[in-house]
Amino acid sequence: MKEKSRSEISKEFQWDLTKIFKTDGDWETEYKNLEEIIPTIGAYKNTLSDTENLHKCLTLLEEISLRFERNYLYVSLKHHEDTGNTVYQGLMDRGTKLATKFSSSVSFIDSELLSLDENFIKTLISTDDRFKKYAHYFDDLYRVKNHILSPEMEEILARASEMAESAENIFSSLNDADMTFESVIAKDGTEHLLTHGRYRVLIEHEDRDIREKAYKNMFKSYINLKNTFATIYSSNVKKDLYFAQAKNYNSTMEAALSANNIPIDVYKNLIKACEKYLPVMHKYVDIRKKRLGLDEIHFYDLYTPIVKDVDAKYTYEQGKELILEGLSVLGEDYINTVKYGLSNGWIDVYENKGKRSGAFSSGAYKTEPYILLNYNDSLDNVFTLAHEMGHSMHSYNTWQTQDYIYGDYSIFVAEVASTVNEILLLHHLLDNTKDAKFEEYLINHYVEQFRTTVFRQVMFAEFEMITHEMNQNGEPLTVDSLCEVYGNLNRKYYGNDIVIDDEIKMEWARIPHFYYRFYVYQYATGFSAAVALSEKILNKEENALENYLEFLKSGSSDYPINVLKKAGVDMLKQESAEKALEVFKTFVDKL
């Protein structure tokens, strides 16, 4: 079975990027305009104590930022369509260079603002309507005052940003464009093409021989390049520590969490909460082993459904209809916008050769919130579509409500809306089936969501914490040390029943999120918050829906902990995660 090229995918299943730029030529014209306008902001250097210059500088900064983000978004999405396309590799490289130029040109602003008298800024905000919207912006800026360097030092760090992205870019090129995998040959001689997108289908296959071969063939390619991947990952960890220390942080974790004003205790308490419920996880692994009738359970046995003879396949059209039904509890306005997105070029649906693996939602202020999928008719892919649509609706509502300066939302809350959608869809399916096997299948699916979105992500988070601490303590990150850490964590999280083989010890090499610096723990905090919020919505608690819809509109107008608290969840408390894990325990008991 041959992988399709981009040109073989029907336009109706491709996103419509002409809404950003009609042609590459239009992108080129704007790129050149940006090259000219970006340096002009330097004219305001050393002038920001003047009220008029301050306002003009902030206004120009917003204009350039907005235009740059749209420009970069276009080539980024084009690149993800086919990461092997050399034309867009080149444009992406130019976009990265422009990003460095932009960062360098504006690097003086934060330092200079912090040199101003804080009372001067407070007076402006309280007396001049033009500055009222900047209240939270300045509050956040002064919060990290000790980590803003001199204008000269900030410019040096900004100029190094392109070089600093090298590890991530090399990983992406190697993983998405250059990696190839041996096809899986079934016992009957049937050939199954193995790609990033098809791996999940094969690892869920009911034929254990196909699962095992897909697993071994996938990881064989990583093991063959193990030293390369170890060097790439180690370089990225060292880069993170360098920039954290340059900015006067005590650790990489502190630097990463400070960006969203998240206490380190939130991260560590999440790990503690999961540790408390690891016996339930081990119980689930044992249930899996018994249901599959296995003498020993391997990691390639973790994804296949343990409820057999369930037809859980949905075409893309069927998946769309199911999502509209499942999310109807969020109200007519919400659903009408989802319908628009499903029919008007938000989504790039099917896999093609060179296309970025996985799925994501992306966009820029007031563009469409674009969704990349690699849809393959599984129920899991229906949930993925619901998940990414949650991201897109969060972005859409924020962009419709907030000024540009607050038109994004922090990573800490980024997974809440997406997971609420998944949970609502799951409850819709549970409430509307009379098929006992399908109900059991869905219960297992929910348990799997906890396993993969909470326990697995927290295991990733602990791996990041350990490896970054090792680097800071001067311990080398080699293939052997990385595999030892990862193997021990899999034993801890999955228990003594599961076989820890050489393949799973290499899994760290294929996780792209490890290049996003302490990102993954937020899947687990987001899931925990989403469980609470969806329960409130489904139980029709007073103001629950209204509070949730306001959350979707909040953007970054307040700190993420506060935004979630207004919606009804306090993530500063460890019991917020434990309440979600109690639901996990309930569903494991049901299973």
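Against the numbered list (1) surrounded by 14 or more Cβ atoms within 10 Å (Cβ to Cβ); (2) without any contact (Cβ under 8 Å) to a residue 12 or more places away in the chain; (3) not acidic (D, E), K78 comes up short only at (2).
Out of K226, K272, one residue alone is basic (K, R), touching a residue at least 60 places away in the same chain (Cβ under 8 Å) and closer than 30 Å to A580 by Cα. It is K272.
One residue alone among G331, G326 is surrounded by 19 or more Cβ atoms within 10 Å (Cβ to Cβ) and farther than 20 Å from S7 by Cα, and that residue is G326. Among the residues examined, K97 qualifies as closer than 30 Å to Q14 by Cβ and at pLDDT below 95. Scanning region 209-261 for residues that are assigned to a loop (DSSP other than H, G, I, E, B) and over 17 Å from L174 (Cα atoms) gives K247, N248, Y249, N250, S251, A259, N260, N261.
Looking only at region 9-66, which residues are of a type in the set (V, I, T) and out of contact with any Cys (no Cβ under 8 Å at 6 or more places or on another chain)? The answer is I9, T18, I20, T23, T29, I37, I38, T40, T51, T59, I64. Any chance region 183-197 includes a residue that's under 30 Å from N473 (Cα atoms) and in contact (Cβ under 8 Å) with a residue 24 or more places away in the chain? No; the residues of region 183-197 include none that is under 30 Å from N473 (Cα atoms) and in contact (Cβ under 8 Å) with a residue 24 or more places away in the chain. Among residues of region 88-117 that are within 15 Å of I148 (Cβ to Cβ), those with a beta-carbon under 6 Å from a residue that is of a type in the set (K, R) and in a helix (DSSP H, G or I) at least six positions away or on a different chain give the pairs L114/K145.
Taking (1) in contact with a helix residue (DSSP H, G or I) (Cβ under 9 Å, 6 or more places away or on another chain); (2) under 25 Å from L379 (Cα atoms); (3) not in a helix (DSSP H, G or I) in turn, E206 satisfies each apart from (1). The residues on offer are S392, S357, and the sole one that is in contact with a Gly (Cβ under 9 Å, 6 or more places away or on another chain), farther than 30 Å from E440 by Cβ, hydroxyl-bearing (S, T, Y) and assigned to a helix (DSSP H, G or I) is S392. Take the residues in region 8-32 that are in contact with a helix residue (DSSP H, G or I) (Cβ under 8 Å, 6 or more places away or on another chain) and either free of Cβ contacts under 8 Å to residues at least 60 places away in the same chain or hydrophobic (A, V, I, L, M, F, W, C) (or both), then tell me which one is surrounded by the fewest Cβ atoms within 10 Å (Cβ to Cβ). Only one residue tops the list, namely F13.
The residue that is farthest from S378 (Cα to Cα), counting only those in region 432-476 that are acidic (D, E), surrounded by fewer than 18 Cβ atoms within 10 Å (Cβ to Cβ) and modelled with pLDDT of 95 or more, is E475. If I filter region 510-517 for residues that are part of a helix (DSSP H, G or I), out of contact with any Ser or Thr (no Cβ under 6 Å at 6 or more places or on another chain) and over 30 Å from Y406 (Cβ atoms), do I get at least one hit? Yes; the residues of region 510-517 include at least one that is part of a helix (DSSP H, G or I), out of contact with any Ser or Thr (no Cβ under 6 Å at 6 or more places or on another chain) and over 30 Å from Y406 (Cβ atoms).
The values are calculated or read from the model by the stated rules, or taken from the named source; none is laboratory data. Not measured: the values here are computed from a predicted model. Neighbour counts run over all protein chains shown; Cβ positions are idealised from the backbone, glycine included.
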